[in-house]
Amino acid sequence: MGGKGVMMVAILCLWALSATSEAVTEAEPGLMMNFYKDTCPQAEDIVREQVKLLYKRHKNTAFSWLRNIFHDCAVESCDASLLLDSTRRELGEKEHDRSFGLRNFRYIEEIKEALERECPGVVSCSDILVLSAREGIEAVGGPYIPLKTGRRDGLKSRTDMLESYLPDHNESISVVLEKFKSIGIDTPGLVALLGSHSVGRTHCVKLVHRLYPEVDPSLNPDHVPHMLHKCPDSIPDPKAVQYVRNDRGTPMVLDNNYYRNILDNKGLLLVDHQLAHDKRTRPIVKKMAKDQAYFFKEFTRAIQILSENNPLTGSKGEIRKQCNLANKNH
């Protein structure tokens, strides 16, 4: 090769290196640990402090934050679409039947306001939703879960997709497994996630079909009188907030007692019962009933996968000023 040829190859190589370097520079950052370390160093501390204050005032907020991450992140993208209010054109996700019982959204707004005072327009509502879930899990005795941040907020509700993504309590365990598999959560992960039924409560409207007109014979007969006492009507008034504690032994603690309960046929929902008796999930349930460390390990992994489901990052979406309103609607 002559001198000119060598020169041309060198120039082309330099050009290729330069183009590659530009592409890397222009690539938008994805999720990362401590995303706000430069733009809002106190962000995660503020969320932690606010969650602790709110939990001290209202213990049930922890259950709300835990439910939020399931109901938001399992529906196509972890983008805080759950928090958006209904508009004249569109029903918000939180108003849909699948979201029945979700509450305490105003406390997310309180956390957002605290962050806005410190770093206006920096921290997304989707990151607040995820971080508050992490703190809520720890508040009720669950594991501390390292979670990445850097999500941005979606512009619209995904109400039309809820039934496709969120399993119903009456659906078969096969459907539930398939829906979570579609977002990368395997069978042990799904069994661990349902362990969140260890805390909180189930509203009577979700379980009266197991009590009326006849009691489901698969229910532990020792548990039925309590359920009938708590849910005395076959058609309960949803506004009366009649409910049964998911776990009467340790109702405020996220622990593996849930698995012992469902193996003893004390699961309130059909999905709980199926989890304990389906051949694909029963061995995992039995292992988690004996080994809380294993439950926490799989729960941590599943929450991490869930929280990273198809997030909006870089220049996608927006950073909302208020979590219940997309900026274009302000």
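Brief remarks follow.
- Scan of the range 180-205 for residues that are assigned to a helix (DSSP H, G or I) and either assigned by TED's automatic domain parsing to the domain that holds GLY317 or under 14 Å from the mean Cα position of the chain (by Cα) (or both), ordered by number: PHE180, GLY189, LEU190, ALA192, LEU193, LEU194, GLY195, SER196, HIS197
- The criterion of being surrounded by fewer than 24 Cβ atoms within 10 Å (Cβ to Cβ), in contact (Cβ under 8 Å) with a residue 24 or more places away in the chain, out of contact with any Asp or Glu (no Cβ under 9 Å at 6 or more places or on another chain) and not in a loop (DSSP other than H, G, I, E, B) holds for ARG67.
- Among the residues making up the range 239-248, those that are in a loop (DSSP other than H, G, I, E, B) and more than 17 Å from VAL285 (Cβ to Cβ) are VAL241, GLN242, ARG248.
- The lone criterion from (1) among the acidic types (Asp, Glu); (2) surrounded by fewer than 19 Cβ atoms within 10 Å (Cβ to Cβ); (3) not assigned by TED's automatic domain parsing to the domain that holds SER64 left unmet by GLU318 is number (3).
- Residue selected from the range 249-264 under the condition free of Cβ contacts under 8 Å to residues at least 60 places away in the same chain and touching a helix residue (DSSP H, G or I) at 6+ places or on another chain (Cβ under 7 Å), by the criterion farthest from GLU298 (Cα to Cα): GLY249
- Residue among ASP85, ASP160 that alone is among the acidic types (Asp, Glu), in a loop (DSSP other than H, G, I, E, B) and not assigned by TED's automatic domain parsing to the domain that holds SER198: ASP85
- Selection status of GLY101, at pLDDT below 90 and surrounded by fewer than 19 Cβ atoms within 10 Å (Cβ to Cβ): yes
- Of everything listed in (1) aliphatic (A, V, I, L, M); (2) free of Cβ contacts under 8 Å to residues at least 24 places away in the same chain; (3) crowded, with 21+ Cβ neighbours inside 10 Å, the single unmet condition for LEU275 is (2).
- In the set (1) β-branched (Val, Ile, Thr); (2) touching a His at 6+ places or on another chain (Cβ under 8 Å); (3) modelled with pLDDT under 95, VAL208 fails one condition alone, (2).
The values are calculated or read from the model by the stated rules, or taken from the named source; none is laboratory data. Here the structure is a predicted model, which is why all the values come from computation and not from measurement. Every residue, glycine among them, receives a Cβ derived from its backbone with ideal geometry; neighbour counts consider all protein chains shown.
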